[in-house]
Structures are given as structure tokens and as C-alpha cells.
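One structure is given below, encoded as C-alpha cells.
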Amino acid sequence: MKFAVAIDGPAAAGKGTVSKAVARHFGFAHLDTGLLYRAVGQGVLRGDDPVSVAQSLDPKQFDEAALRTPQVAQAASRVATMADVRTALLDFQRNFAAQDGGAVLDGRDIGTVILPDAQVKLFVTASAEVRAERRYLELAGKGMDVTRAGVLADVKARDDRDSSRATAPLVAAVDAVRIDTSALTIDAAVAQAIAVIEKAKRR
Ligand code: CDP
């Protein structure tokens, strides 16, 4: 049976954590679509053409640690405004979602553009301050040279760019269930997501 879960939301809202936990719980495959845009952004920082990079990505070759830097995140949100880049990444994401056994995809436009017919759509969000603090702790914990103010500025700049772009802007699908993780523990956020999916599976 095909079963797709779309999880969207702004930067550092907890989509990745919720997606991984949900995928583990239900035995679904998981694709962090942000990594695709980050890989294209990384290519551009190296001087490559964004569309060529997007057309020849091999997620198996991704060096995730190198893709998680703030510089690559900013480059990702810039290439993510390019319609041709988004088009080049579309089939890969749809094919991933169509695999047997179910799939979770997290990103910005999964429920609106990539999988408008997903069985479950979640919009995971939190206040900008909470998101920036979480991302600061994550990056500082990896030993990166970051400041709270710098991370907050990065998160807000990407949110603005992601929300205002013409192609596939960040917006909750009308039929998405919203989970605000500002005051939730990881376990509580994951439990809410699992409850929504359980209900959809029974339908
Ligand atoms: O992990 P974080 O939420 O900070 O970002 P990400 O999910 O890795 O995405 C990095 C950037 O890629 C975002 O700021 C978006 O500009 C872009 N992106 C997108 O446009 N569409 C997606 N489906 C996923 C990411």
C-alpha cells in the first residue's frame, strides 16, 4: 500500500526530528528534502550551475555534516527560489514517496506542491526565537562557530525568503494539521504526529 506523510514548516521547527521518529515508528522510509536544496546550494558555493547540480544529485553521496552549515543553508534558500531547480528535483521526490511500505517527506512544499494527495499532511512550526535557540544549540554542539544573534538572523532571513518566493512558497496546505512545538517536548510533538497518522491509517 502507498502511504505518504508530508511534513512542512519553517527552518528548525523540529520537522527533521518528528519525521525521523515517525518513520521509525511506522517503518516508513524518510526523505529530508532540505538536503536536496542544501546539496544544490553547496554546488553553487563551489561555482557550479544550480540546475546542472539539481539534475545530477546522488543523495547516497551526500556528506550530511558538510550540508548542515549556516552558509550552505543560506545558499540552499537562494537556489530554492529558482523554478528550474525545483522542477529538476520534483520526480525524485515523487518517486521516493511512491515506494511500497510508506514514506515520510519533510520540507517546505511537500503538502502543497510535491504531494498534494498525501494521506497525511502536517505543518510543524514554533516561534522564531524557540527555533533559533534550538538551532543554535545544535550547531554549537557540533562545534560550529555561531552566535545566538547570528542564528536568529539566519532563520528569519530564510523564513522571509522561503515565504515570499513566487514558486512553491512556504505555506501550510489548507488540509494540514498544525503542530506548534514551541512549548512541546520532542516526545510530545512526536506523539501528536503519530496520533494524526494513526487516525488517517484507520480511515
Ligand atoms: O533544517 P532546516 O529547517 O533549517 O532547513 P532545510 O529543511 O534543510 O532546508 C534548507 C532550505 O532549503 C530552506 O530554507 C528552503 O529554502 C529550502 N527548501 C525548500 O525550498 N523546499 C523544500 N522542500 C525543502 C527545503
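Nothing in this text is a laboratory measurement; each read-out follows from the coordinates by a stated rule. Predicted model only: the values in this text are computed from it and were never measured. Backbone-built Cβ (ideal geometry, glycine too); neighbour counts: all protein chains shown.
FRET efficiency for the pair LYS20 and THR87, taken as 1/(1 + (r/R0)^6) with r the Cβ-Cβ distance and R0 = 30 Å, rounds to 0.65. Calculate the length of the line joining the C-alpha centroid of the stretch 167-196 to that of the stretch 108-124, in whole Å. One Cα centre to the other: 11 Å. For ARG165, the residues 5 or more places off, or on other chains, whose built amide H falls under 5 Å of its own are LEU170. Over all other residues within a Cβ to Cβ distance under 9 Å of SER182, the charged ones net out to -1, with Lys and Arg as +1 and Asp and Glu as -1. Charge dipole (Cα centre; +1 on Lys/Arg Cβ, -1 on Asp/Glu Cβ; no other charges) of the stretch 4-201 amounts to roughly 220 debye.
Computed from the alpha carbon atoms alone, the convex hull of the chain holds 114 Å³ per residue. Ellipticity at 222 nm from helices only: DSSP H runs of n ≥ 4 in the chain, each -39500 (n - 2.57), divided by the residue count, give -16500 deg cm²/dmol. Remark: the stretch 85-203 is approximated by an ellipsoid whose semi-axes, taken from the C-alpha gyration tensor as √(5λ), come to 27, 20, 14 Å, largest first.
Here's the picture: a label point sits 7 Å out from the Cα of ASP145 along the beta-carbon direction, and within the stretch 69-95 the residues with their amide nitrogen under 20 Å of it are 69-75.
The modelled label-to-label distance for the pair ALA166/ARG94, using points 7 Å beyond Cα in the direction of Cβ, is 2.2 nm. Considering only DSSP beta bridges where both residues belong to the chain, give the percentage that are antiparallel (nearest 5). Around 0 percent of the beta bridges assigned by DSSP in the chain are antiparallel ones.
Listed by chain and number, the lysines whose C-alpha is less than 22 Å from the C-alpha of LYS2, apart from same-chain residues fewer than 8 away, are LYS15, LYS20, LYS121, LYS199, LYS201.
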